[in-house]
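Asker: First, the structure itself, so that you have it in front of you.
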Amino acid sequence: MSDLYTKSGVNIKKGNEVVKKIKNHVASTHSKAVLKNIGSFGGLYEFTDIVKNYKNPVLVQSIDGVGTKLSVAKMMKKYDTVGEDIVNHCCNDILAMGARPLTFLDYVANEKLDPKTMEEIVRGMAKACRENDVALIGGETAEMPGVYIKGEHDIAGSITGIVEKNKIITGEKIKKGDVILGFPSSGLHTNGFSLARALLFKKTKHSVKTKLNGIPVGETLLKVHLNYCKPIFSLLDNDIDIRGIAHITGGGFIENIPRVLPKNLNAEIDKGSWPMLPIFPYMQKIGKVSEKEMYRVFNMGIGLIIVVPPWQKEKIENILKDHNIFWIGKIIKGNGKVILK
């Protein structure tokens, strides 16, 4: 029966090979809180000791995917960085509510299972999990011929974090006069790749090896999505009053910052307050893309913003003296929008 299953397109033997290859990568992210390695029907995570540090613990969860950045990974035949991307992206999403990440579950679907590619992906995930004290407690690998076209696959991830109920960051406390601090991105991160690929590969006929500013396009596009947990928690642990956090993902500045703004306030962004990564003005020029569209699609070099009271600026700068940060704007009276200045 298994031979017929293999002939139909699903190879159980390769699936078992994948488990063997990734088992040590997954285990490298585990603490004593993880009770089982991969192979069980579910991941077991004991958080008794963790919740002792909270009066009213709230679990925060999120799920996302890498998107069409995978197409570039396929062109480059390089998959470890997209494994890092999905973990970091998910960490930043729950970070926007003040939550510390605890566990990560992955889902990788393939047209045809390739153990080498799977190991690369999971190796990247494990690296990002270790760097941020997140347990990679399992996931699912699916081989689905007929659903995915030849050579294609998809990566998604689900994260769970924890936050004290009275310390959940929602943006409700943002006030007129507050200032906006931007944390630089490494590049496109995981958003805007449909437009980027159209501009860089279809319109200009570039290849992943074409050099822009001395760096191959493929390398520029695959730069790892940064994780902002460490600098943000260093601020929170030092009693910085972070009133709002926005992860600048798909939707850019225009769509993401209003998600945390009170309806009677605007975020005024000073476009010249941080050094622009060359890839963004280059794409805008070759595609004749409007400024508003650029700030709606891409992060434009800022991966995450926080809103804080102005009197804490000096303290923040001292805490983050080893980090690259930029004061990029302020909160003004308005109607819940982003104003580009």
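The values are calculated or read from the model by the stated rules, or taken from the named source; none is laboratory data. Treat the numbers as computed from the prediction; the structure is a model and nothing was measured. All Cβ positions, glycine included, derive from the backbone under ideal geometry; neighbour counts span all protein chains shown.
Asker: Looking at (1) surrounded by 15 or more Cβ atoms within 10 Å (Cβ to Cβ); (2) under 23 Å from residue 133 (Cβ atoms), which is the only condition residue 239 fails?
Answerer: Status for residue 239: all satisfied but (1).
Asker: From (1) at pLDDT 95 or above; (2) not in a helix (DSSP H, G or I), pick out the condition that doesn't hold for residue 280.
Answerer: Every listed condition holds for residue 280 apart from (2).
Asker: From the list 205, 175, which one is surrounded by fewer than 20 Cβ atoms within 10 Å (Cβ to Cβ) and touching a residue at least 12 places away in the same chain (Cβ under 8 Å)?
Answerer: Values: 205 fails: touching a residue at least 12 places away in the same chain (Cβ under 8 Å).
Matching residue, one of 205, 175: 175.
Asker: May I ask you to list the residues in region 69-97 that are more than 14 Å from the chain's Cα centre (by Cα) and of a type in the set (S, T, N, Q)?
Answerer: 71
Asker: Condition first: of a type in the set (Val, Ile, Thr), part of a strand (DSSP E or B), in contact with a strand residue (DSSP E or B) (Cβ under 6 Å, 6 or more places away or on another chain) and at pLDDT 95 or above. Can you find one or more residues in region 138-160 that meet it?
Answerer: At the first step, the residues of region 138-160 found to be of a type in the set (Val, Ile, Thr) are 141, 147, 149, 155, 159-160.
Next, from what is left, pick out any that are part of a strand (DSSP E or B): 141, 155, 159-160.
If we keep only those that are in contact with a strand residue (DSSP E or B) (Cβ under 6 Å, 6 or more places away or on another chain) as well, we get 141, 155, 159-160.
If we keep only those that are at pLDDT 95 or above as well, we get 159-160.
Looking through region 138-160, at least one residue is of a type in the set (Val, Ile, Thr), part of a strand (DSSP E or B), in contact with a strand residue (DSSP E or B) (Cβ under 6 Å, 6 or more places away or on another chain) and at pLDDT 95 or above.
Asker: Still on this structure, I have one more. Is it the case, given these coordinates, that residue 48 is free of Cβ contacts under 8 Å to residues at least 40 places away in the same chain, surrounded by fewer than 23 Cβ atoms within 10 Å (Cβ to Cβ) and within 22 Å of the chain's Cα centre (by Cα)? Before you say what the answer is, go through the steps one by one.
Answerer: Values: free of Cβ contacts under 8 Å to residues at least 40 places away in the same chain: yes; surrounded by fewer than 23 Cβ atoms within 10 Å (Cβ to Cβ): yes; within 22 Å of the chain's Cα centre (by Cα): no.
Answer is no for this residue.
Asker: Hey, any hits in region 161-181 for a residue that's under 16 Å from the mean Cα position of the chain (by Cα) and of a type in the set (Val, Ile, Thr)? Working first, answer last.
Answerer: Taking region 161-181 and keeping what is under 16 Å from the mean Cα position of the chain (by Cα), we get 161.
If we keep only those that are of a type in the set (Val, Ile, Thr) too, we end up with none.
Within region 161-181, none of the residues are under 16 Å from the mean Cα position of the chain (by Cα) and of a type in the set (Val, Ile, Thr).
Asker: Criterion first (surrounded by fewer than 23 Cβ atoms within 10 Å (Cβ to Cβ), out of contact with any Asp or Glu (no Cβ under 8 Å at 6 or more places or on another chain) and either among the hydroxyl-bearing types (Ser, Thr, Tyr) or without any contact (Cβ under 8 Å) to a residue 60 or more places away in the chain (or both)) does residue 71 satisfy it? Quick ask: steps written out before the conclusion?
Answerer: Details: surrounded by fewer than 23 Cβ atoms within 10 Å (Cβ to Cβ): yes; out of contact with any Asp or Glu (no Cβ under 8 Å at 6 or more places or on another chain): yes; either among the hydroxyl-bearing types (Ser, Thr, Tyr) or without any contact (Cβ under 8 Å) to a residue 60 or more places away in the chain (or both): yes.
So residue 71 passes the test.
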